[in-house]
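Q: Could you have a look at this structure, given as structure tokens, before my questions?
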């Protein structure tokens, strides 16, 4: 299925790109947020498969990615707060989403974090939030002493390289793609402390999590080494008791399921949405 592309102009003048699949109907539309450093095109098999089942989907190319470019990522100053308080609200106000009667905000990895943060802050008000392979980046993601030490060392490396160069060269180091310093500082704060504090944003997100009333599903990927069960557990403990959990048995990889076998993920998410009349 060939997607329809729409430009979305943010309040600070950036042009984001969203891809629309299908048309709004009785079932809730899905707004999808990708993982950190992953272009929207990576998920097109999933979008095609989901749209063939009758869902209306709007995929968001995150700020700084190929279809939503900024001038120079090495000098860019945006962080999580821009994505949560500027970009995602602009997408919800755009023509591809505004016509939908009900909306589920679905995110993979960082996209799931952004979905939770925007829902907790009230910058958007989806009817449900679903996270896929989303959890803490802190040492709590590892149960063994060696695993925690390795995670802590990795976090320190990311911070040191980012501070030294003024940006994160993930396109060369195999993690997260090229990213601006502020965004990686936000990632690093949660990775070091196991809680969120966004640069330039005074919101107490951990307190906001506890007040959330939106239906939420945290879906872990079986065998995911990047975001194992312990990482999802840590995030779940920071959310209200009504949050639901599931584990999806698909390709045992943080990324490959989306391209090679998205059906199991779609089945789980659709089943949960239908149970909430979405």
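The values are calculated or read from the model by the stated rules, or taken from the named source; none is laboratory data. If you're wondering where the values come from, they're calculated on a predicted model, not measured in any experiment. Cβ sites come from the backbone with ideal geometry, for glycine too, and all protein chains shown count toward neighbours.
Q: Select from the range 69-93 the residues that are touching a helix residue (DSSP H, G or I) at 6+ places or on another chain (Cβ under 7 Å) and assigned to a loop (DSSP other than H, G, I, E, B) and write down the one among them that is surrounded by the fewest Cβ atoms within 10 Å (Cβ to Cβ).
A: 77
Q: Out of all the residues in the range 155-180, which are within 13 Å of residue 74 (Cβ to Cβ), without any contact (Cβ under 8 Å) to a residue 40 or more places away in the chain and buried (at least 20 other Cβ atoms within 10 Å of the Cβ)?
A: Matches in the range 155-180: 162, 168.
Q: Does residue 58 count as more than 15 Å from the chain's Cα centre (by Cα) and either free of Cβ contacts under 8 Å to residues at least 12 places away in the same chain or closer than 25 Å to residue 12 by Cα (or both)?
A: Criteria not met by residue 58.
Q: Being touching a strand residue (DSSP E or B) at 6+ places or on another chain (Cβ under 6 Å) and crowded, with 17+ Cβ neighbours inside 10 Å: is that true of residue 214 here?
A: yes
Q: Could you run through the range 237-278 and say how many residues are closer than 14 Å to residue 135 by Cα and touching a residue at least 40 places away in the same chain (Cβ under 8 Å)?
A: Result for the range 237-278: 3.
Q: Among the residues of the range 15-23, is there at least one that is assigned to a loop (DSSP other than H, G, I, E, B), modelled with pLDDT of 95 or more and surrounded by fewer than 21 Cβ atoms within 10 Å (Cβ to Cβ)?
A: Looking for residues that are assigned to a loop (DSSP other than H, G, I, E, B), modelled with pLDDT of 95 or more and surrounded by fewer than 21 Cβ atoms within 10 Å (Cβ to Cβ), one finds none in the range 15-23, hence no.
Q: Go through (1) under 19 Å from the mean Cα position of the chain (by Cα); (2) without any contact (Cβ under 8 Å) to a residue 60 or more places away in the chain; (3) surrounded by 14 or more Cβ atoms within 10 Å (Cβ to Cβ) for residue 64 and report which single condition fails.
A: In the conditions (1) under 19 Å from the mean Cα position of the chain (by Cα); (2) without any contact (Cβ under 8 Å) to a residue 60 or more places away in the chain; (3) surrounded by 14 or more Cβ atoms within 10 Å (Cβ to Cβ), residue 64 misses (2) alone.
Q: Can you confirm whether residue 27 is surrounded by fewer than 23 Cβ atoms within 10 Å (Cβ to Cβ), more than 19 Å from residue 81 (Cβ to Cβ) and in contact with a strand residue (DSSP E or B) (Cβ under 6 Å, 6 or more places away or on another chain)?
A: Taking the combined requirement at face value, the residue does not satisfy it.
Q: Here's a check for you: in the range 107-149, which residue that is more than 18 Å from residue 217 (Cα to Cα) and in a helix (DSSP H, G or I) is nearest to the chain's Cα centre (by Cα)?
A: 141
Q: Would you check which residues across the range 1-14 are free of Cβ contacts under 8 Å to residues at least 12 places away in the same chain and part of a strand (DSSP E or B) and list them?
A: If the condition is that a residue be free of Cβ contacts under 8 Å to residues at least 12 places away in the same chain and part of a strand (DSSP E or B), then 7 is the only one that fits.
Q: Could you please find all residues in the range 32-62 being outside any loop (DSSP other than H, G, I, E, B) and either modelled with pLDDT under 95 or over 19 Å from residue 128 (Cα atoms) (or both)?
A: Once the filter is applied, which keeps residues that are outside any loop (DSSP other than H, G, I, E, B) and either modelled with pLDDT under 95 or over 19 Å from residue 128 (Cα atoms) (or both), the range 32-62 yields 40, 41, 42, 43, 44, 45, 46, 48, 49, 52, 61.
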